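Here is the structure we will look at, set down as structure tokens.
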Amino acid sequence: MILILLLSSFLSFAETTSTDEKVVGIFYMQPLFGHVHQSSVSTSASLTTIQCAHPVKVIESSKVSAYPEWAYVQVADYRGFILKQYLSEKKPDCFQGKYPKFFDNLNLDLSELYYWGRLYDQYIQGETRVQ
């Protein structure tokens, strides 16, 4: 009897944790390169590097808190954060897709992809207020 009660309480717990997350949608990375971050800060550790037009699953979770300009995402087996401004609902027309032969001849290795992604993390986009 005790085993049945424990099993039923475990199953009810499993049901509540699965409903705490909701997939908002599939979005696409817009910049040439970017990172999935460990936390919602641009200087946080990188979990993985992704390229333009890479699909990411945006997740809404009551267990995860982030700054409003960041999205909680899943890319392959990694769950982390990407700036919302880098995500698009439509698949973007990327440099890699327009000029695949040129891009392939760049022969970028993994460390170069990482550093290019970090550059985009530090790049501030917007309009200048200088007159």
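Structure summary
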| item | result |
| --- | --- |
| Where a residue in region 104-131 is among the charged types (D, E, K, R) and part of a helix (DSSP H, G or I) and its partner, wherever it lies, is loosely packed, with under 10 Cβ neighbours inside 10 Å and at pLDDT 75 or above, with Cβ under 7 Å and at least six apart | none |
| So Q122, is it surrounded by fewer than 10 Cβ atoms within 10 Å (Cβ to Cβ) and closer than 28 Å to G25 by Cβ | yes |
| Residues located in region 29-46, provided they are surrounded by fewer than 18 Cβ atoms within 10 Å (Cβ to Cβ), of a type in the set (A, V, I, L, M) and within 15 Å of Y114 (Cα to Cα) | L32, A45 |
| Matching strands (runs of 3 or more DSSP E) fully within region 25-70 where at least 2 residues are hydroxyl-bearing (S, T, Y) | 46-51 |
| Failed criterion for V75 (all others in (1) under 19 Å from the mean Cα position of the chain (by Cα); (2) surrounded by 12 or more Cβ atoms within 10 Å (Cβ to Cβ); (3) aliphatic (A, V, I, L, M); (4) modelled with pLDDT under 95 hold) | (4) |
| Residue among Q85, Q51 that alone is touching a helix residue (DSSP H, G or I) at 6+ places or on another chain (Cβ under 7 Å) and among the polar types (S, T, N, Q) | Q51 |
| Test: residue in region 86-101 that is part of a strand (DSSP E or B) and either crowded, with 17+ Cβ neighbours inside 10 Å or touching a residue at least 12 places away in the same chain (Cβ under 8 Å) (or both) | yes |
| Residue among I59, I50 that is surrounded by fewer than 18 Cβ atoms within 10 Å (Cβ to Cβ) and either of a type in the set (A, V, I, L, M) or over 18 Å from I26 (Cβ atoms) (or both) | I59 |
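The values are calculated or read from the model by the stated rules, or taken from the named source; none is laboratory data. If you're wondering where the values come from, they're calculated on a predicted model, not measured in any experiment. Note: ideal-geometry Cβ built from the backbone for every residue, glycine included; neighbour counts use all protein chains shown.
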